[in-house]
Every structure is written in C-alpha cells, then in structure tokens.
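This report refers to the structure that appears directly beneath it.
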Amino acid sequence: MKIALIGNQNSGKTSLFNLLTGSNQKIGNWPGVTVEKKSGYIKKTEHELIDLPGIYSLSPYTNEEKISRNFLLEEKPDLIINIIDATSIERSLYLTTQLMELDCKIIVALNMCDLLEKKGLTINEEVLSKQLGVDVLKISALKKKGINELVDFINKENFTKKSKQIYEPTIEEAITEVSKNLKTDNKRFISVKLLEQDEDFANKNLNNAKVSKNIKKIEEKYSLDTEQIIASQRYNFVEKVKKACVIESPKKQTITDKLDKVFLNKWLAIPIFVGIMALIYYLSVGIVGTYTVDLVDAGVTWVSDNVSTLLTNWGASDWAISLMCDGMIAGMGAVLTFVPQLIILFICISLLETTGYMSRISFFFDKIFKKFGLSGKSLIPFILGAGCSVPAIMTTRTIEDENEKKATIMLTPFIPCSAKLPIIALFATYFFAHSWLVTASLYLLSIVIIIISAILLRKFIYKGKSNTFISELPEYKLPSFRYVARDVFEKSWSFIKRAGTVILMCSIIIWLLVSFDWTFTYGVDVNDSILADIGNCLAWIFYPVVGEYNWAVTVSAIQGLVAKEQVISSMAVIAGLAEEVTEGALIFSSTGIFGFFNPVSAYAFMVFNLFSAPCFGAIGAMHREFGSAKKTWFAVLFQTGMAWVLAVIINLVGSLIMLL
Amino acid sequence: MQQKLQIGESGHLSDLIIGQKAKVMALHNENKALRRRLLDMGITKDVVISVKKIAPMGDPVDIELRGYELCLRLSDMQNIDVEVIE
C-alpha cells in the first residue's frame, strides 16, 4: 500500500514517520519543519509511507502546501493517515472534512493524547469515529504510545468509510447535481472546489452550466459567497462533532502562557533575546573556544610530530613526510580544531528550535522586519543559518510572499554559518583580547548589513508591498535529550566528514601546488610555486582589503567557495610550508607569509569571508529555491560585491584610525 | 491610545485589547488568497475570537479561536469586522 501522512503544521507528522519507518528525519517544535515530501517503508511491512509538508486546508496557500495537495490528487495514495493534534481538534478536523471528500480511505490518528489531561480535555474516540464515519486511533508520537496498535490496524486493511452529510441540504443537493456531470475521480471533492470557484479547477474545463446555476442559487439563499458559506458550514459540522465527543473542563493558565508573560513581555522580550544570543556565542567562541582550541591544537601537533618521526625512521622521503604533515594533517587539523566550539553552537541552535522559543523570536521581530520588507518568518532561516545555510535556505519556503522569500534566500548566507566560525575564531582569538566581543560585533554587523540589504533589495529588485504573517506559537516543550543529541551528532559528524574528504582533497592539491614550481621541481621557495603564480594574477582584488599584495591570502579566500573552513585550512598548509611549522597558532608568526596581518586587516579579511559568496553547497540551495541561474548569479555577485566594498571600507577607515 | 470598545459595539478585530472577546461579522480582505487562508484557519462569520497575547512592540497579535491560537498582523485584522461580546 501507498500511505500518505497528512496533517496540520507542527502536528507531529515527522515524529510519527520516524517511529513507523525507523528513519531519522529532522523534527522540530515550530510550524514548517518539513518542506519536501519524504518516503520510507513502515518497519516489517511492504507499506510505503510518504511524509508530506503540513497543511491546514486543501486550498494551498504556499508552495510546499501545493506539494501535499498535488500528491493526494495525482498520486492517489491507497490510504491517508490524517494525524491530528488532539489539543487543537477543531482546526485539525476542518482538514479532515476535506480529506473525507477524496476517494481514499482514511485513518484519523489522534496525536498528543498525553497532553489532553493537562489541557483539561477528554476525547471519546469511539464517538468521534462514529461522527466522522472513519476509524480513529489514539496515539502519542512523543511518548511512543499506540504506535504498534496503529501498525496492526493498517496491516488488517479493513477500513471504515461512511459518507457523511457535512453541509446543509441546499449545498449537498448542489454537490450531487454538479458531480453527476463529472467524469473524474474524487467527484465530491472536485464538485465542492468548482462551487467554491477554486482557480485550479475552474480553469480545467470542468465547468458547466450546472455549476454557475448552483452557485447563484446558494449565494442568493445565504447572501454570502460560496467560499465563505462552505468554509462556515464545514466548521459548523466540526463544532457539532466536537460537541459530541469532547468534554472540556474550565481552563487553567498553562505553563506556556506563564512563560510567555516573561518572554513576550513588553520590556523584557528584547533584553532576554539579546542575552540568549550573547550567551550562545560567549559559550561557543568565548569560554569553550579558549580552552578547547589549545587542547585540540596540541593533539594535532602531537600526531604530526609522531607521524613525522615514524616516517623518518621508515626512511620515507622528504616530500612524503611533508605531504603527510604539512599537507594532510595540517589542513585537516586546522578545521578539526574547531569541532568542540561547533558542538556547543549546534546544541544551542537545537535548543532554540525544540523548546519553541524560535517561533517567539519571529513573532516579536515581525514588526521590525516588516519595516524592512521582510517577514518575521525570515528570522527562522537567519537563526538556522548560524548552523548551516543549506537547510536554512530551504525553510524560506514557509514564507508566503514570493518577494519576501527571495530577499530572505539572498540574505541568509550573510549570517555567519558554522563553517565561517573557524575563520572568525582563528583571527579573533589571535588578534583581539576579547575574542567573543569581536565575534559578537561581527554578528551585529551581519544583522545591520542584512537590514540595509533588505531595504535595498525590496526597494529596487524584489519590489512589492509587505504581505502577511500568519503563524502559530507552539507550546513550550522541554527538549528531548535524544533528539538534541542526535541532531548535534549529525551536524558535527558531517563537519568532521567534510574535513576527511573535501578539506583533505583540497589540502593535498594546495600542498602540491605550493610545493612545486612550473618545472615540477620539489621543494622550491613557496613564493616561486605554481600556487603563488596563480594567486599573483588575482592578488590585486584583495590588495584593498588587506593592504598587502599577497598571493597566499588570495588563493585561500577563493577556496572559501568549496567550503568556508577551507580558507583557514589552506592558510595552515601554506604557512606550514613557508615556515616549517604546523601549529595553527603560528600561522600569523611575524616572519611568515601571513605575518603582515594586523587587527584592522584581520577584521577586514573576516568581513570579506563572512559576506562573500557562500560555499558551493549553499549556492546550490539558493539555485534550487530561486529556480533560475540568472537570479542565483545575481545573488552571488551581489553578496561578493557587498563583501568587497565593506571590507575595503573597514580596512581604509580602520587604517586611518590607527594612524591617528 | 484609541477608545476601548464597549460590549455590543462594532469595530475591527484590530481594535480589541487583551482579554476582550468578539464575534466576527464580516471579512473584507481584498487579497483573495489571504481571505481564503483566514477562512481555512477558522475565521468565519459568527466565530468568537479573543485577544490572547500582543507582541512586545504591539504587532502582531496572538488571538484565540476554536480552541487554538493564531498570530496575525494588525493590518490584516483591520479588514475583519467584529462585535464585542465580552
């Protein structure tokens, strides 16, 4: 069987999907985590399960909702598991009434039943099942309750589906009359859509005289348009169902409401937000940074020394030892040094997501972002972007307005991602006494630049009025340790894997190009190497940024396209060969090739790397979301241009201040 | 500061203050897709809405209806006519 998982946003579809299929798809506590359909097989069965983006209705509003509707209509699953958030049953059942109109079997899975008691609700699932005419099962995806029963039920393949009268007789008659003339599947569903004058169906030549006649009849009777009447009567039906099966006891103030009194307080909200963000970077770049970097660095040096001794004893040639130590170990070591810091950063981001605080941030920043032509929802990609731009760019799909979305896609890479953090950490720790303050200043700068760019983009390129903001505030939840641990592990592991693959490859290439000259003689002075000549061709670009005509800086910065952390990996390889050292901290030794850096040029160089074109992975993600090579090129050039101008200004102004 | 609406008075959804309850009389949103969305989210004629939370800077607003909560911008709430009942 082909089974589709359908439900509102943040109702727990992906949690259930993971439980049923044993996969590890990303979940979170905010609406819109899933933006693509994903499929897997229910454990120990032949049933294919498809996880679809959350929807509120079969009248899609955003693109990812269209994915869900088109799947249902075109791929015709054999069964729909309609997952319902039991704590907001009324809105959830509205979607159920639409699914019931499709020619497809349905199981209603009543999720979050563990929370009902806390909310003072009791639901009688037998009554609900009778009212809807479909099977209803209680589950809790979080507590893993009712899951086996659900699978057993699916395996029996004996599903109830009784047709139910949802609307008042006038409309039911109209539907019957219209559907008689149809020669398609899903007759009842399409009839309703035709009566609602849904654009997607009205144009498909299904229209006939019966439709317009009936629309006129209905609108005359209720003196409202059909769209409103049908929505109203659906909700009337749902209210009736709810009355029959739900017992509500008087409401207490929930923990969420109490917490929101603080987190959304007029005066406290912004200071708390600033405090939390500062804490994240203080922890990851400040405290942990200083302790761990030296530790890992010492480890890398130890490995490098031992390998060198070992190879010498084995009688290996000079170039082989150099390839291992100055190329491979130095290149990989330079980025691996920062793994502990990234782990802290990933934990913090994961906590923001799972506790439900992230939706609050987008709620209270919406007013400011609206002024700049963005939506509060742009903040979610910006926060996730501190981890990695690729998934962050994908979440822009939840932004309703096309122009707001495009502007957000283009600006998300401006947020310093985890791969840029090593660059910042390396320069900030070496050149400044309070490295975390410098880091904070860069994040602040990135926010300012995003705001300025947003205003420019929305004024000249992605014009149009700011649209709407429709969202929900999820309940605060205690983060699940298992989820956070897995999320952090996956992100950190992918960083480490990159060090062992892409970064390693690049380090070997850089080592080759920097150890040989054009006649392929080994052991030349680095300034005569192939890489130096390549770099010298382009060094003029970076002259205004760092105030030095330097090939090594040039080639390193360009490698940021492969992966941002490759910038420092490349610097470590080049410095090592120039200086006969392997330790990261000695990259900037005064006699070395990067010895010319001072705090001002260091800051300017960080700024260039922060704002310039992101890595190929993120450029690919931008291309997928823009759906156009031209727009992607424009974005990349805009970003790089912006980065260069900023870095040059910082270098000029900074140098002037230093002179005074 | 605008005048607080009294019970029985009509106004826009955006005029309500925290704790007030009102019944929806009509939707005037010109943007058809948005109107559809609001209907789908349960803002239909006669539904009872109360204002639950307001963002620290006064906009957007978290409203409660049909046993759940929804965030909307004031500019979109201006196009929804209501009558205060509590």
Check your understanding: Given A:120, A:146, which one is modelled with pLDDT under 95, crowded, with 16+ Cβ neighbours inside 10 Å and not charged (D, E, K, R)?
Key -> A:146
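Residue-wise test of (1) crowded, with 20+ Cβ neighbours inside 10 Å; (2) within 14 Å of chain B (Cβ to nearest Cβ); (3) under 23 Å from the mean Cα position of the chain (by Cα).
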| residue | (1), (2), (3) |
| --- | --- |
| A:330 | yes, no, no |
| A:339 | no, no, yes |
| A:360 | yes, yes, yes |
| A:364 | yes, yes, yes |
| A:368 | no, yes, yes |
Check your understanding: Mind checking which residues of region A:240-271 are surrounded by fewer than 17 Cβ atoms within 10 Å (Cβ to Cβ) and either at pLDDT 95 or above or more than 26 Å from residue B:53 (Cα to Cα) (or both)?
Key -> A:240, A:243, A:244
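A quick yes/no check of all residues on (1) buried (at least 24 other Cβ atoms within 10 Å of the Cβ); (2) away from chain B (no Cβ under 14 Å); (3) at positive phi; (4) touching a Leu at 6+ places or on another chain (Cβ under 7 Å):
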position	(1), (2), (3), (4)
A:354	no, yes, no, no
A:371	no, no, no, no
A:392	yes, yes, no, yes
A:420	yes, yes, no, yes
Check your understanding: Checking residue A:467 against (1) in a helix (DSSP H, G or I); (2) at pLDDT below 90; (3) surrounded by 21 or more Cβ atoms within 10 Å (Cβ to Cβ); (4) not aromatic (Phe, Trp, Tyr), which single condition isn't satisfied?
Key -> (1)
Check your understanding: Among the residues of region A:524-539, is any at pLDDT 90 or above, in contact with a strand residue (DSSP E or B) (Cβ under 8 Å, 6 or more places away or on another chain) and assigned by TED's automatic domain parsing to the domain that holds residue A:332?
Key -> yes
Revision key, fill the gap. Within region A:214-239, of all residues that are farther than 18 Å from residue B:36 by Cα and among the basic types (Lys, Arg), the one surrounded by the most Cβ atoms within 10 Å (Cβ to Cβ) is A:217
Exercise for review: Of the numbered conditions (1) free of Cβ contacts under 8 Å to residues at least 60 places away in the same chain; (2) in a helix (DSSP H, G or I); (3) in contact with a Ser or Thr (Cβ under 9 Å, 6 or more places away or on another chain), residue A:154 fails exactly one; give the number of that condition.
Suggested key: (1)
Practice item. Being away from chain A (no Cβ under 11 Å) and out of contact with any Pro (no Cβ under 7 Å at 6 or more places or on another chain) narrows it down to one of B:58, B:11, so name that one. Key: B:11
Check your understanding: Which residues, taken from region B:37-51, are in contact with a helix residue (DSSP H, G or I) (Cβ under 8 Å, 6 or more places away or on another chain) and either surrounded by fewer than 20 Cβ atoms within 10 Å (Cβ to Cβ) or facing another protein chain (nearest Cβ under 7 Å) (or both)?
Key -> B:39, B:40, B:41, B:42, B:44, B:45, B:46, B:47
Exercise for review: Return yes when residue A:137 is outside any helix (DSSP H, G or I) and without any contact (Cβ under 8 Å) to a residue 60 or more places away in the chain and no when it is not.
Suggested key: yes
Revision key, fill the gap. Restricted to region A:390-415 and to residues being touching a Gly at 6+ places or on another chain (Cβ under 8 Å) and among the polar types (S, T, N, Q), the residue nearest to residue A:453 (Cα to Cα) is A:412
Point to revise | Unmet requirement for residue A:56, which otherwise passes all of (1) more than 14 Å from every other protein chain (Cβ to nearest Cβ); (2) part of a loop (DSSP other than H, G, I, E, B) | key: (1)
Point to revise | Filtered residue count, region A:2-36, keeping only those that are assigned to a loop (DSSP other than H, G, I, E, B) and modelled with pLDDT of 85 or more | key: 6
Exercise for review: For region B:17-30, state whether one or more residues are without any contact (Cβ under 8 Å) to a residue 12 or more places away in the chain and facing chain A (nearest Cβ under 10 Å).
Suggested key: no
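Every residue, every condition in (1) of a type in the set (Asp, Glu); (2) under 22 Å from residue A:618 (Cα atoms), yes or no:
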| position | (1), (2) |
| --- | --- |
| A:388 | no, yes |
| A:396 | no, yes |
| A:401 | yes, yes |
| A:411 | no, yes |
| A:420 | no, yes |
| A:460 | no, no |
Practice item. Could you please let me know if residue A:577 is touching a helix residue (DSSP H, G or I) at 6+ places or on another chain (Cβ under 8 Å), more than 27 Å from residue A:408 (Cβ to Cβ), touching a residue at least 60 places away in the same chain (Cβ under 8 Å) and buried (at least 20 other Cβ atoms within 10 Å of the Cβ)? Key: yes
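The values are calculated or read from the model by the stated rules, or taken from the named source; none is laboratory data. If you're wondering where the values come from, they're calculated on a predicted model, not measured in any experiment. No Cβ is skipped: glycine too gets one built from the backbone with ideal geometry, and neighbour counts run over all protein chains shown.
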